[in-house]
Amino acid sequence: MCRHIGYLGPPVGLDELLLHPAHSLLEQTWAPNDMRAGGTINVDGFGAGWYGRDSTVPKRYRAEGPMWADGNFAELAGCVRSGAVVGAVRSATGSTPAVRTACAPFGSGPWLFSHNGSVPGWPDSLADLADKLDPTELVTLDAPVDSALVWALLRHRLDGGQPPADAVRDTLVEVVAAAPQARMNLLLSDGRTLIATTWSHSLAVCRTDEAVLLASEPFEPPAEALGEASAAEDEGPEWHPVAEGSLVIADRVSTSCTPLFETSPESR
């Protein structure tokens, strides 16, 4: 059922954020704590996306197979530093292929996107929604998987000029209407803001003096994210679970969390 992480803060090594911390994203490939009956491990691929200091277009690294088996990424992660990162590990849904292009983060222009969840009945359940897309958008999907189509639906809204938070919310609403049992934890970033949802899956937020982190499961943030005061006092950061059915918008200054709409996942 996948795990993902979004980070905004001082530049940090990808290895310090994704590989080395206690209960890091790497550890969550084989020992996740809160999959909610959505699988047991996340070994069907992974990815990381990051923004350079002077670039609004992110770089990405995606690979099939488990994160721990990719020595190239471990070497790269020790050389790359960024103040805006999205990382994800994948547990393939049903019979969907375990290929590199099916792994988050998906990207286009300034955007990075991750879907932690699944859409039951794929592809039939989303066939009607796919009708709104241009045929070119359909034939150029990253992969024949539910997450890639969810990303295409969201990207269609973004390209049409809809505000990002509204586009994320409305994409979730239309997918859940088509497939009521869908799990739709979404994560979108442009390098300045993180926009996330909780819909039938776990998410937690951690804000320090220096950074904000959103993650499927809490982990130990890197030292750069803690700030001098916290580091000097040897204080661990506080993670707060995000309520089901929430829309989270976070930047380097503030975090807001509001209900997506009146109906909660538990009532569906």
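Taken about its Cα centre, the chain carries a charge dipole of roughly 560 debye when the Cβ of each Lys and Arg holds +1 and the Cβ of each Asp and Glu holds -1. Between the residues PRO164, SER256, PHE219, the greatest Cα displacement towards the positive end of the dipole of the stretch 115-268, with unit charges on the Cβ of Lys, Arg, Asp and Glu, is found for PRO164. Each of PRO241, VAL176, MET67 was placed along the dipole of the chain (beta-carbon charges, centred on the mean Cα), and the one lying farthest toward the positive end is VAL176.
With a cut-off of 15 Å between beta carbons, the residues surrounding ARG252 carry a summed charge of -2, where Lys and Arg count +1 and Asp and Glu -1. For the stretch 87-235, the solvent-accessible area with a 1.4 angstrom probe is 37 square angstrom per residue. The Kirkwood hydrodynamic radius of the stretch 1-60, based on inverse pair distances between different Cα atoms, is 13.0 Å. Taking a ≥ b ≥ c as the square roots of the Cα gyration tensor eigenvalues, with a/c under 1.5 meaning rounded and otherwise prolate when a/b beats b/c, else oblate, which class fits the stretch 154-202? Since a/c reaches 1.5 but b/c is at least a/b, the shape of the stretch 154-202 is classed as oblate.
Phi angles of the stretch 125-138 translate, via the Karplus equation with coefficients 6.51, -1.76, 1.60 and θ = phi - 60°, into HN-Hα couplings of 5, 10, 4, 5, 5, 5, 4, 7, 8, 5, x, 5, 5, 6 Hz per residue; Gly and Pro are given as x. Counting protein heavy atoms only, the stretch 53-129 has 49 percent of its accessible area on carbon and sulfur, 1.4 angstrom probe. Our note on the geometry: Cα centres of the stretch 44-84 and the stretch 195-220, 19 Å apart. For the chain, hydrophobic long helices are taken as DSSP H runs at least 18 Å long by C-alpha position along their axis with mean Kyte-Doolittle hydropathy of 0.0 or more; these are 146-159, 164-178.
With contacts taken as Cα pairs under 8 Å at a separation of at least 6 residues, the stretch 94-218 carries a relative contact order of 26 percent. Here the stretch 135-255 is treated with +1 on each Lys and Arg Cβ and -1 on each Asp and Glu Cβ, and its dipole about the Cα centre works out to around 640 debye.
The values are calculated or read from the model by the stated rules, or taken from the named source; none is laboratory data. A quick note: this is a predicted structure, and the numbers were derived from the prediction, not measured. With ideal geometry, Cβ positions are generated from the backbone for all residues, glycine too; neighbour counts draw on all protein chains shown. Protein only, heavy atoms only, side chains kept; ligands, DNA and RNA dropped before computing areas. Shrake-Rupley method; radii C 1.70, N 1.55, O 1.52, S 1.80 Å.
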